[in-house]
Amino acid sequence: MSLDAMPDASGTFHFDDVPAGDYTVGMFAMPGSPSAPAVHATVVPNQRTSVTLVLPTKTVDVAIHVTGADCTMFMLARPGDGSARLDPDATVQVAQCDKGVAEISAVAPGPYRGCVGIKCVPLTVADAPAKQTLELAFPP
């Protein structure tokens, strides 16, 4: 099930009449805006369930130089197995490539997967410097 909501001025959002069960709650940020990691929630019948999404306090800008793959679109995804394209909950940001380079703003430091098409390789964004260049080589 996929539900969409826009937060109010205080950042609060809600969903009504959600069936009981386990859910992953996440957010999609506008390009150049930080994204909060998804959280898991269990909805119990006739009870209110609250989750808190926490935006990172520190972000950096990265330029990713891609080799070994035809880069037209680049996806930065949370760690995991497989393709981010097949796991939309894992996708953090998407950027078009220009001559093999993807530029992404407002990335929280930490581990990620860099994905081109269905190929993904691990990468780490450091907490400094504020502007970083990463070389990402895809195996043949």
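For this structure, a couple of remarks:
To keep it simple, each residue is scored yes or no on (1) assigned to a strand (DSSP E or B); (2) touching a strand residue (DSSP E or B) at 6+ places or on another chain (Cβ under 9 Å); (3) farther than 18 Å from residue 71 by Cβ.
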{"position": "103", "(1), (2), (3)": "yes, yes, no"}
{"position": "106", "(1), (2), (3)": "yes, yes, yes"}
{"position": "113", "(1), (2), (3)": "yes, yes, no"}
{"position": "120", "(1), (2), (3)": "yes, yes, no"}
{"position": "127", "(1), (2), (3)": "no, yes, yes"}
{"position": "133", "(1), (2), (3)": "yes, yes, no"}
{"position": "136", "(1), (2), (3)": "yes, yes, no"}
{"position": "140", "(1), (2), (3)": "no, no, no"}
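- Filtered residues of region 53-72 (kept if within 30 Å of residue 41 (Cα to Cα) and not in a loop (DSSP other than H, G, I, E, B)): 60
- For region 13-45, the set of residues classified as at positive phi and modelled with pLDDT under 90 consists of 17, 32, listed by residue number.
- Close pairs (7 angstrom Cβ cut-off, 6 or more residues apart or separate chains): among the small types (Gly, Ala, Ser) in region 56-71, outside any strand (DSSP E or B) anywhere: 68/138; 68/139; 68/140; 69/117; 69/138
- Scanning region 36-52 for residues that are in contact with a Gly (Cβ under 8 Å, 6 or more places away or on another chain) and part of a loop (DSSP other than H, G, I, E, B) yields 36, 37, 38.
- For region 46-57, the criterion of being over 30 Å from residue 20 (Cβ atoms) and modelled with pLDDT under 90 is met by at least one residue.
- Some residue of region 87-95 being over 28 Å from residue 6 (Cβ atoms), modelled with pLDDT of 90 or more and not β-branched (Val, Ile, Thr): no
- In region 105-140, the residues that are out of contact with any helix residue (DSSP H, G or I) (no Cβ under 7 Å at 6 or more places or on another chain) and of a type in the set (Lys, Arg): 119, 131
- Lone qualifier among 90, 102, 69, 38 - being over 24 Å from residue 12 (Cβ atoms), in contact with a helix residue (DSSP H, G or I) (Cβ under 7 Å, 6 or more places away or on another chain) and surrounded by 15 or more Cβ atoms within 10 Å (Cβ to Cβ): 90
The values are calculated or read from the model by the stated rules, or taken from the named source; none is laboratory data. Source: prediction; values computed, not measured. We place every Cβ from the backbone using ideal geometry, glycine too, and count neighbours over all the protein chains shown.
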